[in-house]
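The values are calculated or read from the model by the stated rules, or taken from the named source; none is laboratory data. These numbers were taken from a predicted model, which means no experiment stands behind them. Virtual Cβ from ideal backbone geometry, glycine too; neighbours counted across all protein chains shown. Just so you know, the surface numbers come from the protein's heavy atoms only, side chains and all, with ligands and any DNA or RNA stripped out. Shrake-Rupley method; radii C 1.70, N 1.55, O 1.52, S 1.80 Å.
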Amino acid sequence: MNLTVNKTILDNGVRVVSMTMPHVHSVSMGVWVQVGARDETDAESGLSHFIEHMIFKGTVRRSAFQIAKEFDAIGGQTNAFTSMEHTCYHARVLDTHLETMVDILSDIFLNSIFDEREVARERPVIFQELGMVEDSPEELVHTMMGPVFWGGHPLGRSILGSRENIQAFDSHTIKDFFKRLYQPDRIIIAVAGNVVHERLIDKVGPVFSTIAAGNGFASRGLPATGCGIKMKHRDLEQSHICLGMNGVSVADPRRFSASLINTIFGGNMSSRLFQIIREERGLAYSIYSFLSVFADSGMFGVYTAVAPTETNTSLDLIMDQIRRLKREPVSDDALEDAKAFIKGNLLMAAESPDNQMVRLAQNEYYFGRTIPIQSVIDSIHAVTAEDLLSLAEDLWGSGNAALTILGPGVDRSDFSGKLTL
């Protein structure tokens, strides 16, 4: 495939990055801002996510209904998401509707009015979103891990914020936060699909170049990690368990080794955890490991849900496998299988304009350039079993894992000494 990547920096610092994918008939566009939950104060916690909702609630030119109707009328798909480090407003349309997509996305990003009446209408919607998390044991036990692992750092807070904060946010608060933090040098417009870069610049340049430069804002504080235990009683059929351990940052040179460890340990159906906990012992339906990566830090985690009577046994088995990663090199076959798994996932994801749009933005933010997928694959193939062993020892050479459990009565003392890495 002939995938051409182009980049233009507007006079005010807004970056426009595009990838031409001539074999597809659609275009995916994301307006990204390097502002997320970790950029909020305690009193502002949840504000980035609230703005994500409010951006679709009306501009000077369009009502909330008109925004939705115009996207639907061209068969477009649009949404937004907030993370710890970014907020993204994105859409995907047929390539013939590029101009309409640019017009709508630029309008909601530049001209949202954040009307107080719409704020009042959206507040209960976000309360319901909080309720959905609290009603989902798997999501809630992950949320509980935040303050246990990251302590008082903003990475430990929920992206959604608290009910008290959400109740307090008003139109003035939202407008002030938006004006202060949505600065041009923090904005990336990422586009992937059947698009010509020069045509794209003709459309986005005149509108996004109008954003005035700001005064900058405080740099992000470096987080410290912890190893506490938190348990929450709930009358459930299962105990939901989450473990947290040191990980790597998104740009750490060892990230390729971390990805392979994750795959071998609990990243697919042939992984050690899946085979031992589910296939051999029948203790869980769902078990997996995961990587949470940020600009300056990261967490390696494990989730499972088991019968309450099997909590201790399951933890013992998981911790044994973690210690095994430090103790003995993985086999050549296991390493090659993991490399093939990651390569397959990368190449299949590359066929999607949405995935390519996300890669463009994230590569630009974290590396300042587009990293070809083949370069990533080459780096994966270069990792050795000794690299994995070294990384496991570096990350988990001492200390304890952090633990959160949600479920019926569990005694904290049951886990004394079980979490030693």
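Details
- Protection proxy ranking, peptides 129-141, 394-406, 25-37, average beta carbon neighbours within 10 Å, highest first: 25-37, 394-406, 129-141
- What the Cβ-Cβ distance of Asn215 and Asp235 gives, at R0 = 51 Å and to the nearest 0.05, is a FRET efficiency of 0.50.
- A simple charge model with +1 on the Cβ of Lys and Arg, -1 on the Cβ of Asp and Glu and nothing else charged puts the dipole of segment 346-403 at about 200 debye relative to its Cα centre.
- Straight-distance candidates among the lysines for linking to Lys326, with alpha-carbon spacing under 30 Å and chain neighbours fewer than 8 residues away dropped: Lys230, Lys339, Lys343, Lys418.
- Stretched out straight at 0.36 nm per residue, the stretch from Asp135 to Ala340 would grow longer than its current Cα-Cα span by 70.1 nm.
- Cα lying deepest toward the dipole's positive end in the chain, options Ile108, Met21, Ala349, charges on Cβ: Ile108
- Only helices enter this figure: runs of n ≥ 4 DSSP H residues, each worth -39500 (n - 2.57), summed and divided by the residues of the chain, yield -13000 deg cm²/dmol at 222 nm to the nearest 500.
- Reducing segment 148-177 and segment 355-421 to their Cα centroids gives an inter-centroid distance of 26 Å.
- Taking 0.36 nm per residue of separation and subtracting the Cα-Cα distance, full extension of the segment from Arg281 to Ala349 would add 21.2 nm.
- Ranking Phe256, Leu243, Ser219 by Cα position along the charge dipole of segment 211-264, where only Lys, Arg, Asp and Glu carry charges on their C-beta atoms, puts Ser219 farthest toward the positive end.
- Full extension of the chain between Ala43 and Lys69 yields a length gain of 5.9 nm, computed as 0.36 nm times the residue separation minus the alpha carbon distance.
- Average accessible surface area per residue within the chain, 1.4 Å rolling probe, Å²: 44 Å²
- Relative contact order computed over the chain (Cα-Cα under 8 Å; 6+ residues apart), in percent: 21 percent
- Per-residue packing, averaged as other Cβ atoms within 10 Å, sorts the ranges 41-53, 365-377 into the order 41-53, 365-377, beginning with the highest.
- The charge dipole of segment 1-50, taken about its Cα centre with unit charges on the Cβ of Lys, Arg, Asp and Glu (plus for the first two, minus for the last two), comes to roughly 380 debye.
- When only the Cβ of Lys, Arg, Asp and Glu is charged (+1, +1, -1, -1), the dipole of segment 170-263 relative to its Cα centre reaches about 160 debye.
- Part-to-part distance (alpha-carbon centres) for segment 90-146 and segment 1-29, which is given in Å: 24 Å
- For segment 1-151, with +1 on Lys and Arg beta carbons and -1 on Asp and Glu, the positive-most of Gly36, Thr96, His49 along the dipole: Thr96
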